[in-house]
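Working notes, beginning with the structure itself.
Just so it is clear, none of the values below were taken in a lab; they were calculated from the coordinates. Quick caveat: nothing in here was measured; it's all calculated off a predicted structure. Don't worry about glycine lacking a Cβ; one is built from the backbone with ideal geometry, like all the others, and counts go over all protein chains shown.
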Amino acid sequence: MNRLVNLAKCADKPDFFDPAGSYEHILRSGFERLSKEVFEWSPTLFPRGLRSSNYSRAIQETSLPHPDTATAALVPAPARIWTDKSEPLFTFLIGETATSTANWPMDVICEQIEELATVSKLIRISVALVPTSFCPPGLVEPFTLYKNHRDTAFAVAVKHGQGTAFLTNEESVKDYAKIADWLRSGIREEPWP
């Protein structure tokens, strides 16, 4: 309850920085409920909401900070809760690097792709690969863009250290919407799996 009260005190601010990630789940869920489409760019890893437990363990073994190992996080939260057709479309663009067997064992990647295929049948989800030749790792950092029912981007979440910056400033959101459109133009083929 204290978290919600603290968030409410910041409601008039166009941007909100959550340095420790304490409010991230609450804010993401709220923005997802207001969205027609949730667009996520993940250049080097499968997005947290799509990771299988073995893929999460493989990340943990690389000593990357704070991997998500819970299989409950495999399906984005609104898709697990909502039973009607009101859930948003989840669009995931993944950098080709995430699927490389140079970074992960072949069995881990194969299982991850199978999990993704299963999840994509359960919820409104679209997944596509962006080739490394189009957008190399480090060129565009991960972000999540939220679009409303008028198909207009209204917020963006950008990782910052251990936390997240939630931006609703119109200029910032427009910039990220342009980046999202540019990334979509680089999709290799039809969405998969």
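Subtract the Cα-Cα distance of Asn169 and Asp107 from 0.36 nm times their separation in residues, and report this length gain in nm to one decimal.
Net length gain for the segment: 18.1 nm.
Compare the peptides 129-138, 93-102 by average per-residue count of other Cβ atoms within 10 angstrom and give them in order, highest first.
With the highest mean Cβ count within 10 Å placed first, the list reads 93-102, 129-138.
Please list, ordered by chain and number, the residues whose modelled amide H lies under 5 Å from the amide H of Val127; skip anything fewer than 5 residues away on the same chain.
Correct list: Phe92, Trp192.
Evaluate the distance, in nm, between pseudo-label points positioned 7 Å from the Cα of His25 and of Ser100 along their respective Cα→Cβ axes.
Roughly 3.3 nm, to one decimal.
Can you compute the FRET efficiency between Glu141 and Ala117 using 1/(1 + (r/R0)^6), with r the Cβ-Cβ distance and R0 = 30 Å? Round to the nearest 0.05.
It comes to 0.65.
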